[in-house]
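Student: The structure follows.
The values are calculated or read from the model by the stated rules, or taken from the named source; none is laboratory data. Model, not experiment: these values are computed from the prediction. Cβ placement follows ideal geometry from the backbone for every residue including glycine, while neighbour counts extend to all protein chains displayed. In case anyone asks, the SASA skips ligands and DNA or RNA and just uses the protein heavy atoms, side chains included. Shrake-Rupley method; radii C 1.70, N 1.55, O 1.52, S 1.80 Å.
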Amino acid sequence: MLDDLESILFSREQIADRVQEVGRTISRDYASTQPLVIGVLKGAFVFLADLVRRIDIPVEIDFMAISSYGASTKSSGVVKIIKDLDVPVEGRHVLVVEDIVDTGMTLSYLRDVLLRRGAASVKIVTAFDKPARRVVAIAPDYCCFEVPNAFLVGYGLDYSERYRHLPCVGVLRPDIYSGE
Ligand code: 5GP
């Protein structure tokens with residue numbers, strides 16, 4: 001599977017170190033609250049699992065699924081809730097956990113929905129940020145790594161549902177998806 005990568009951007013160890021730092025910062029910033037941590041499926045499940053084990057204050061965890069890329073490497077621009085939360089967000093301090101912020105459309109939509117539902121605050125934590133691709137003005141509040149404008153897989157990120165379980169993150173070889 002690693003043969004399908006053109007390059008590795010961050011190793012398992014580099015990611016683990018950075019996630020630990022971000023977890024510490026979040027624990028400090030949210031010390032007096034019990035935030036509701038919302039994972040955006042499917043991509044965020046790996047990062048969320050690592051991150052919450054580095055947070056040493058009480059948290060609640062829930063998930064949402066939002067449509068984004070489908071099986072393609074290009075954004076459809078269509079954002080829609082596929083799986084909603086099990087708990088109400090009214091009055092809650094919400095921390096949305098994303099795998100990667102790209103155009104920003106998914107997160108700006110999600111943030112608006114959560115604020116409209118009465119969340120006390122909404123902050124965003126992302127494993128990776130690709131600022132060069134931003135279409136909507138939105139910046140993550142916490143970010144592990146800024147990444148270049150390339151199609152990445154691993155650490156939760158997929159191509160056609162593959163590669164999510166790679167412990168590192170890297171650039172997928174273009175010949176793997178050039179037939180699209
Ligand atoms: P946005 O709404 O910010 O354009 O899209 C965010 C979503 O697009 C991410 O949650 C992720 O599912 C997908 N995405 C964006 N960039 C990449 C990438 O480099 N690799 C993969 N596998 N998915 C990406």
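Student: In the range 127-152, which residue that is touching a helix residue (DSSP H, G or I) at 6+ places or on another chain (Cβ under 8 Å) and crowded, with 22+ Cβ neighbours inside 10 Å is nearest to VAL46 (Cα to Cα)?
Tutor: Result: ALA127.
Student: Could you check the range 88-109 and list, in sequence order, the residues that are modelled with pLDDT under 95 and either open to solvent by 40 Å² or more (accessible area, probe 1.4 Å) or of a type in the set (A, V, I, L, M, F, W, C) (or both)?
Tutor: Within the range 88-109, MET105, LEU107, TYR109 meet the criteria.
Student: Every residue in the range 153-163 that is more than 8 Å from the ligand (Cβ to nearest atom) and open to solvent by less than 30 Å² (accessible area, probe 1.4 Å), please. Break it down stepwise before answering.
Tutor: Of the range 153-163, the ones more than 8 Å from the ligand (Cβ to nearest atom) are 154-156, 160-162.
Selection gives GLY154, TYR155, GLY156.
Student: Identify all residues within the range 84-130 that are within 12 Å of the ligand (Cβ to nearest atom), in a helix (DSSP H, G or I) and either of a type in the set (S, T, N, Q) or without any contact (Cβ under 8 Å) to a residue 24 or more places away in the chain (or both); write none if there are none. Spell out the reasoning first.
Tutor: Pass one, the range 84-130, residues within 12 Å of the ligand (Cβ to nearest atom): 96-111, 124, 126-130.
Next, from what is left, pick out any that are in a helix (DSSP H, G or I): 105-111.
THR106, SER108, listed by residue number.
Student: Which one of ALA71, ALA49, ALA120, ALA127 is at pLDDT 95 or above, out of contact with any strand residue (DSSP E or B) (no Cβ under 8 Å at 6 or more places or on another chain) and among the aliphatic types (A, V, I, L, M)? Break it down into steps so the answer makes sense when it comes.
Tutor: Working: ALA71 fails: at pLDDT 95 or above; ALA120 fails: out of contact with any strand residue (DSSP E or B) (no Cβ under 8 Å at 6 or more places or on another chain); ALA127 fails: out of contact with any strand residue (DSSP E or B) (no Cβ under 8 Å at 6 or more places or on another chain).
When all the criteria are applied, what remains is ALA49.
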